[in-house]
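The structure under discussion appears below in the form of structure tokens.
The values are calculated or read from the model by the stated rules, or taken from the named source; none is laboratory data. No experiment lies behind these values; they were computed from the predicted model shown. All Cβ positions, glycine included, derive from the backbone under ideal geometry; neighbour counts span all protein chains shown. SASA here: full protein model, heavy atoms, side chains in, ligands and nucleic acids out. Shrake-Rupley method; radii C 1.70, N 1.55, O 1.52, S 1.80 Å.
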Amino acid sequence: LFRSVRVHNGGAAALACEANLAHWYSERLGGVAPGETLTTTLFVKPETGAVFLLNASEDRMPVERLWCGLDGRSWETRAEISLERKADTVVSAVGLDCRADGAETVCTREDR
């Protein structure tokens, strides 16, 4: 089962979105220019609610956290994106409108 995550940049500064795959490893999901939208796909194991990103070898990489922030400083200016992780409960799409200033990023969420 998969989950679509859509991030629209409603601000004036470029954003970067990333996923933390291990305590020490993060994967860049993509950059989002002002006025543009980034769409990415995560995979969900319905029985457990676990969320995965597939790597280049199509191995399941467990997603610990997901965030967007100012490009080049995404961690320091991040808005964390929460993902439902309950067994037998799957949100198929997550839609966000994000905007960043010099210190922080704010995302408004609309699930579909």
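So which trypsin sites (Lys or Arg not before Pro) in the range 1-96 pass both tests, a DSSP loop state and at most 12 other Cβ atoms within 10 Å of the Cβ?
Lys86
Taking Cα centre as origin and charging only the Cβ of basic (Lys, Arg, +1) and acidic (Asp, Glu, -1) residues, the dipole magnitude of the chain rounds to 140 debye. Modelled label positions at Glu76 and Glu36, each set 7 Å beyond Cα in the direction of Cβ, lie 2.3 nm from each other. Please report the base-10 log of the normalised intensity I(q)/I(0) for the range 28-68, using a Debye sum with one equal scatterer per alpha carbon and no solvent, at each q in 0.30 (1/Å). Values returned for q = 0.30 Å⁻¹ are -1.13. Take Glu64, project a point 7 Å from its Cα along the Cβ direction, then tell me which residues of the range 35-57 have their backbone nitrogen under 15 Å from it. Output list for this probe position: 51-53. When the GluC sites (Glu not before Pro) in the range 1-82 are filtered for DSSP coil states and for at most 16 other beta-carbon atoms within 10 Å of their beta-carbon, the remaining sites are Glu36, Glu47, Glu58, Glu64, Glu76.
The loop-placed chymotrypsin sites (Phe, Trp or Tyr not before Pro) in the range 22-78, going by DSSP, that have at most 11 neighbouring Cβ atoms within 10 Å of their Cβ come out as Trp24. Over the range 50-98, the reciprocal of the mean inverse Cα-Cα separation, the Kirkwood hydrodynamic radius, stands at 12.7 Å. Over all orientations, the chain has a Cα convex hull whose mean projected area works out to 6.7 square nanometres. Think of a 1.4 Å ball rolled over the protein heavy atoms: the chain then has 55 Å² of accessible area per residue. Put a dot 7 Å past the Cα of Trp24, heading toward its Cβ, do the same for Ala12, and the two dots end up 4.1 nm apart.
If I take R0 = 35 Å and measure r between the Cβ atoms of Val106 and Ala56 in this structure, what FRET efficiency does the formula 1/(1 + (r/R0)^6) give, to the nearest 0.05? E between Val106 and Ala56, to the nearest 0.05, is 0.60.
Per atom type, the range 18-112 shows carbon and sulfur on 47% of its accessible surface, probed at 1.4 Å.
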